[in-house]
Amino acid sequence: MKSLIIPALLAILVFSCTKSRPYRELKFDGQSVKISLTDIRERKPEFYSVLIDGKKVSFFIVMVNGKIQSYFNACRRCYPRKLGFDPAEGHMRCRACNAKYPLDQLKEGIGDCFPIPLKGAEEKYTYIIARDAFLKGVRFF
């Protein structure tokens, strides 16, 4: 009986302390990633990841006041901890330092702990992010 308790406790610790969140994994369609705009809702960040140069790069997309915005799930100050951001009642919260930023101020955000912008563009019913845009932030992952 004792031999079962220790592995069970270790499993609980490993799975309860995980730092990652579930991301929808996307694949490149040629030289870009394409996300259907039907997946994006007002003020509800959606998290994704892509594999680029052997690294999993995570990012989120959010609609604010009808405009689509995309960001790497990292900030310039806390990225070494690899914790990223969580949505928190109309804000994005840095999981490393607990700083909160209102969703409607992300775009103008200048500072070390704001999410790093990821350039994308709307095209018909799709949001497109070029592979080159991901290359600019791969060092944060």
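When residues in the range 41-58 are screened for being under 21 Å from Gln31 (Cα atoms) and among the charged types (D, E, K, R), 3 of them pass.
Being more than 15 Å from the chain's Cα centre (by Cα) and either open to solvent by less than 20 Å² (accessible area, probe 1.4 Å) or at pLDDT 95 or above (or both) is the filter here; which residues of the range 110-123 pass it? So that I can check it myself, show each step before the final result.
Within the range 110-123, the first condition is being more than 15 Å from the chain's Cα centre (by Cα), and the residues that meet it are 110-112, 121-123.
If the condition is that a residue be more than 15 Å from the chain's Cα centre (by Cα) and either open to solvent by less than 20 Å² (accessible area, probe 1.4 Å) or at pLDDT 95 or above (or both), then Ala121, Glu122, Glu123 are the ones that fit.
Taking Ala74, is it touching a Lys or Arg at 6+ places or on another chain (Cβ under 6 Å), surrounded by 18 or more Cβ atoms within 10 Å (Cβ to Cβ) and of a type in the set (A, V, I, L, M, F, W, C)? When the stated conditions are applied, Ala74 does not pass them.
Counting the residues of the range 42-73 that are part of a loop (DSSP other than H, G, I, E, B) and closer than 25 Å to Asn98 by Cβ gives 2. Considering only residues that are acidic (Asp, Glu), in a strand (DSSP E or B) and open to solvent by less than 100 Å² (accessible area, probe 1.4 Å), which ones fall in the range 19-41? Hit for the range 19-41 is Asp29, nothing else.
In this structure, Lys44 does not qualify as farther than 14 Å from Gly137 by Cβ, over 14 Å from the mean Cα position of the chain (by Cα) and either open to solvent by 60 Å² or more (accessible area, probe 1.4 Å) or at pLDDT 95 or above (or both).
Residues in the range 87-109 that are open to solvent by 30 Å² or more (accessible area, probe 1.4 Å) and either assigned to a strand (DSSP E or B) or of a type in the set (Asp, Glu) (or both): Pro87, Glu89, His91, Arg93, Lys100, Tyr101, Pro102, Asp104, Glu108. Gln105 falls short of the stated requirement of being among the polar types (S, T, N, Q) and either touching a Lys or Arg at 6+ places or on another chain (Cβ under 8 Å) or under 17 Å from Phe140 (Cβ atoms) (or both). Cβ-Cβ distances below 7 Å connect the following pairs, each with a first residue in the range 74-85 that is farther than 14 Å from Phe60 by Cβ and in a loop (DSSP other than H, G, I, E, B), a second residue that is open to solvent by less than 70 Å² (accessible area, probe 1.4 Å) and among the aliphatic types (A, V, I, L, M), and a separation of six or more residues or different chains: Arg76/Ile116; Cys78/Ala96.
Scan the range 124-135 and tell me whether some residue there is in a strand (DSSP E or B), open to solvent by 20 Å² or more (accessible area, probe 1.4 Å) and out of contact with any strand residue (DSSP E or B) (no Cβ under 9 Å at 6 or more places or on another chain). Scanning the range 124-135, I find no residue that is in a strand (DSSP E or B), open to solvent by 20 Å² or more (accessible area, probe 1.4 Å) and out of contact with any strand residue (DSSP E or B) (no Cβ under 9 Å at 6 or more places or on another chain), so the answer is no.
The values are calculated or read from the model by the stated rules, or taken from the named source; none is laboratory data. If you're wondering where the values come from, they're calculated on a predicted model, not measured in any experiment. Every residue, glycine among them, receives a Cβ derived from its backbone with ideal geometry; neighbour counts consider all protein chains shown. These accessible areas exclude ligands, DNA and RNA; they are computed on the full protein's heavy atoms, side chains included. Shrake-Rupley method; radii C 1.70, N 1.55, O 1.52, S 1.80 Å.
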